[in-house]
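S.K.: Sharing a structure with you now.
The values are calculated or read from the model by the stated rules, or taken from the named source; none is laboratory data. The structure displayed is predicted, hence computed values, not measured ones. Don't worry about glycine lacking a Cβ; one is built from the backbone with ideal geometry, like all the others, and counts go over all protein chains shown.
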Amino acid sequence: MVALFGDFSLMNAGALAALATLAIPILIHLFNRSPGQRVVVGSIKLIRHAKSRRVTEIRLMHYLLLFLRLLIFTLLALILAGLSMQATSNLDKDQAYVTPAWAELASDEEKQSLNDRFGAENTHTLQAPIWAQLIEQLTSVKHSGEVHVYATNASGAFGPQMGSAQWPLVWHLRPETEAAVPAIKLAITMVATRERQPEADQLIKALTLMGEHRNIETTLRTLGADGFDAGSTQDTDWIIWLGPKAVLESQLGALPPGTNVLLAPKAEAGSSSPAATLPGYPFSAYSPINPVQPFLQNTVLGGNLVHTLNAPLLGQNAIIAKPDFPEILTEILLSDELGEARFSNSPVLVPQSGDNWPNVSYPQAPLEGWLIVLLVIAWVFERWLSERGPRRNG
Amino acid sequence: METFIDPKTLARVKDMPLIAKTVADGFLHGLHQSRQRGVGIEFSQYRPYGDGDDLSRIDWKLFARSDRYFVREAERESEIAIWFLLDASGSMAVSSEPQAGNTRWSKLDYAAHLIATLSYLAYGQGDRIGFMALSSNRQHIVPLGSGDQHWSAILLELARVKAGAYFPKKEMIDAMLKSLQQPGMVVMVSDFFEHGTELLDLTKSLAVGKTELVAIQLTSADEETFPYKGAVRFEDAETGEQVLVSARNARDTYLEAKTAFQRNLEDQLLRQSVDLTTLNIDEPLDQALYDFLKNRAKVTG
């Protein structure tokens, strides 16, 4: 309904006029209060015991009729408002939407070229919350030309939530913020036995996905569990241990202090799991909203913090099967020191030019069609119901 | 006032007799068989001359043959008294819904035509006729009489009858009923919708002795078929009580109640030995009358 309610407010004179039409069915209802054609009969006795239940039925029918008529007029008003809005606010030229962050950073030349290309009337500065405003604009106003978005590449600038955009936007991203906020560096040593290599592969895939999205520079080393040497783990932030627990315990004392260990219990033989994915690619919610506590148990062993996953990684209901597993994993790895600020500076990933966008227009799904269908249904129903009214068999 | 007589109806029934089942005891010549023996055309029997017999009634030819005095007796055809009793209560003002813009006869209209035609037949065959229309507001009475002028008086009174409120209780009209309770025939036209038992009380008190009561019940097409749809506010013609029903759903209940009512009415009247004829006011009067008269002729044999 966003598409139709976008500019549809009580301040709109057309909306007020449409509201006035709602009085018509209400008046009909009130004038129709004493329902039914009057028929004088010789003796009421024969009809009397057919009475009580029927009256409520008739009342119900009248309220239903009232509701249907109100619905019809409301739908009509909405459809007309939608049509008139389309007629009056059809943006047929290319449009540019500029975020305040971009406007602040842009040089005069860039602003000039923007103005030369689109003109002042086709350039719109977005206000917070930026992503929501952009989506509303795209769903409520018909755009016939291309839509260009000028922004910095920090996804945090778009507001707390940045969902996926369903429309082919032309992105113009400034890389400045990336330089201002250095990438997070994370050194991970993955220790896995041969049989648990599939789990390691999934973890690596998830880490790679999140690295791309969150501006994390991951240094990854993979070691076999058999030849594990604690001395080789200098400069490692995390050890992800996918091996026998006894071997780890024997090596714990030798680990450099402050090294975090993530321990995943062994899955039952033959367990498999869907591959790790990230939904809504290229954009996804970046707020650290996934509580990690249910998945984790922290213990201190030999001066090191050992995080033990409560459940195996593989298996039908394992966390790796969750669509937001990469985010959960990232949060586990970055938890304490990195808050929202760090995430919001992660880069906006724009679709590659080779991506095939569906051939859609703005707004993508005009509601008028459905509203008209609904209107016709309501109207037919109303006609049918009122034809059942006080008529005779000819 | 002649408007109550429809030429078509009259043409159909004018040669039919209106026959009472009970044997009449009247004196004047008429169409009804008389139990009294006496002067007449149809020979019945001879009986010996007795003191007081008129000498002119002696059959002299038989005297010549038998040398005895015989008096020739004939069956006398005689007239009877026929009362037309009309229920003029409010419910009789009901008519079916107008069809194609034409208003239809109310039960009272139909009854007026019916009584006009029947009384015409009765007066034509020499019976004495009387008319009574009863409602709680007003009573119209034309006493028994015969002849052209008397029939006109009945027509005049018929034209004046308007539907009143209720049918009067028996106590209210007891005095008037005296004149009905005499040998003869009472044709009672009503819809037989009653609030208490006023109508059946009346029939009970009339159907005694040598009075034959002919009950004619009037119904209408709408009452028979209940053709309403949707929300209908039914209003009682007499009490004004209103009932709002969804007609389509009420139809079955109504028809059931209607059948029960009819069955009960027939039972009650049968118990009183009253002959009930039901006429639909939305069907042609001539056919209904023809059937009615033919039926009566058949019953009488």
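S.K.: In the range B:82-97, which residues are assigned to a loop (DSSP other than H, G, I, E, B), within 11 Å of chain A (Cβ to nearest Cβ) and within 22 Å of B:Val142 (Cβ to Cβ)? I'd like the intermediate steps shown before the answer.
M.R.: Just the residues of the range B:82-97 that are assigned to a loop (DSSP other than H, G, I, E, B), to begin with: B:88-89, B:94, B:96-97.
So of that shortlist, the ones also within 11 Å of chain A (Cβ to nearest Cβ) come out as B:89, B:94, B:96-97.
If the condition is that a residue be assigned to a loop (DSSP other than H, G, I, E, B), within 11 Å of chain A (Cβ to nearest Cβ) and within 22 Å of B:Val142 (Cβ to Cβ), then B:Ser89 is the only one that fits.
S.K.: Next question, about the same structure. In the range B:264-289, which residue that is surrounded by 15 or more Cβ atoms within 10 Å (Cβ to Cβ) and within 12 Å of chain A (Cβ to nearest Cβ) is modelled with the lowest pLDDT?
M.R.: B:Ile281
S.K.: Scan the range B:239-252 and give yes if some residue there is over 20 Å from A:Ile47 (Cβ atoms), in contact with a strand residue (DSSP E or B) (Cβ under 7 Å, 6 or more places away or on another chain) and assigned by TED's automatic domain parsing to the domain that holds B:Asp6, otherwise no. Spell out how you get there, then give the answer.
M.R.: Within the range B:239-252, the subset over 20 Å from A:Ile47 (Cβ atoms) is none.
No.
S.K.: Also: Hey, can you tell me all the residues within the range A:195-224 that are assigned to a loop (DSSP other than H, G, I, E, B) and out of contact with any strand residue (DSSP E or B) (no Cβ under 7 Å at 6 or more places or on another chain)? If you could, list the steps in order and put the result at the bottom.
M.R.: Let us first name the residues in the range A:195-224 that are assigned to a loop (DSSP other than H, G, I, E, B), namely A:195-196, A:215.
Of everything in the range A:195-224, just one residue is assigned to a loop (DSSP other than H, G, I, E, B) and out of contact with any strand residue (DSSP E or B) (no Cβ under 7 Å at 6 or more places or on another chain), namely A:Glu195.
S.K.: On to the next question. Would you tally the residues in the range A:329-343 being modelled with pLDDT under 75 and surrounded by fewer than 21 Cβ atoms within 10 Å (Cβ to Cβ)?
M.R.: Count: 10.
S.K.: Restricting to the range B:46-60, and then to whatever is aromatic (Phe, Trp, Tyr) and not in a loop (DSSP other than H, G, I, E, B), can you tell me which residue is modelled with the lowest pLDDT? Don't jump to the end; show me each part of the working.
M.R.: Going through the range B:46-60, the residues aromatic (Phe, Trp, Tyr) turn out to be B:46, B:49, B:60.
Now restrict to residues that are not in a loop (DSSP other than H, G, I, E, B): B:46, B:60.
Details: B:Tyr46: 83, B:Trp60: 90.
Restricting to residues being aromatic (Phe, Trp, Tyr) and not in a loop (DSSP other than H, G, I, E, B), the top hit is B:Tyr46.
S.K.: For B:Met185, state whether it is buried (at least 20 other Cβ atoms within 10 Å of the Cβ), at negative phi and in the same structural domain as B:Leu200 (by TED's automatic domain parsing).
M.R.: Working: buried (at least 20 other Cβ atoms within 10 Å of the Cβ): yes; at negative phi: yes; in the same structural domain as B:Leu200 (by TED's automatic domain parsing): yes.
Yes, satisfied.
S.K.: Considering each residue of the range B:168-199, count those that are within 14 Å of chain A (Cβ to nearest Cβ) and in contact with a Phe, Trp or Tyr (Cβ under 9 Å, 6 or more places away or on another chain), and give that number. Steps first, answer last, please.
M.R.: Within the range B:168-199, the first condition is being within 14 Å of chain A (Cβ to nearest Cβ), and the residues that meet it are B:189-199.
Of the ones still in play, those that are also in contact with a Phe, Trp or Tyr (Cβ under 9 Å, 6 or more places away or on another chain) are B:189-190, B:192-195, B:198-199.
Number of matching residues: 8.
S.K.: Taking into account only those residues within the range B:237-258 that are more than 7 Å from chain A (Cβ to nearest Cβ), assigned to a helix (DSSP H, G or I) and in contact (Cβ under 8 Å) with a residue 24 or more places away in the chain, which is nearest to B:Thr277 (Cα to Cα)?
M.R.: Filtering the range B:237-258 for residues that are more than 7 Å from chain A (Cβ to nearest Cβ), assigned to a helix (DSSP H, G or I) and in contact (Cβ under 8 Å) with a residue 24 or more places away in the chain, the one nearest to B:Thr277 (Cα to Cα) comes out as B:Leu255.
S.K.: Of (1) surrounded by fewer than 17 Cβ atoms within 10 Å (Cβ to Cβ); (2) modelled with pLDDT of 55 or more, A:Leu375 satisfies all except one. Which?
M.R.: Of the numbered conditions (1) surrounded by fewer than 17 Cβ atoms within 10 Å (Cβ to Cβ); (2) modelled with pLDDT of 55 or more, the odd one out for A:Leu375 is (1).
S.K.: Continuing with this model, one more query. Scan B:Phe261, B:Phe226, B:Phe234 and give me the residue that is within 8 Å of chain A (Cβ to nearest Cβ) and crowded, with 21+ Cβ neighbours inside 10 Å.
M.R.: After applying the criteria, what remains is B:Phe234.
S.K.: Let me ask another. Restricting attention to the range B:110-145, and to residues there that are free of Cβ contacts under 8 Å to residues at least 40 places away in the same chain and over 13 Å from B:Ile82 (Cα atoms), which single residue is nearest to the other protein chains (Cβ to nearest Cβ)? So that I can check it myself, show each step before the final result.
M.R.: Step one: list which residues in the range B:110-145 are free of Cβ contacts under 8 Å to residues at least 40 places away in the same chain, which gives B:119, B:123, B:137, B:139, B:141-143, B:145.
Right, trim to over 13 Å from B:Ile82 (Cα atoms) and you get B:137, B:139, B:141.
On the way: B:Asn137: 17, B:Gln139: 21, B:Ile141: 24 Å.
By that ranking, first place goes to B:Asn137.
S.K.: Please state which of the following conditions B:Ile173 fails to meet, knowing it meets all the rest: (1) β-branched (Val, Ile, Thr); (2) part of a loop (DSSP other than H, G, I, E, B); (3) within 15 Å of B:Ser136 (Cα to Cα).
M.R.: Only one criterion in (1) β-branched (Val, Ile, Thr); (2) part of a loop (DSSP other than H, G, I, E, B); (3) within 15 Å of B:Ser136 (Cα to Cα) is unmet by B:Ile173, namely (2).
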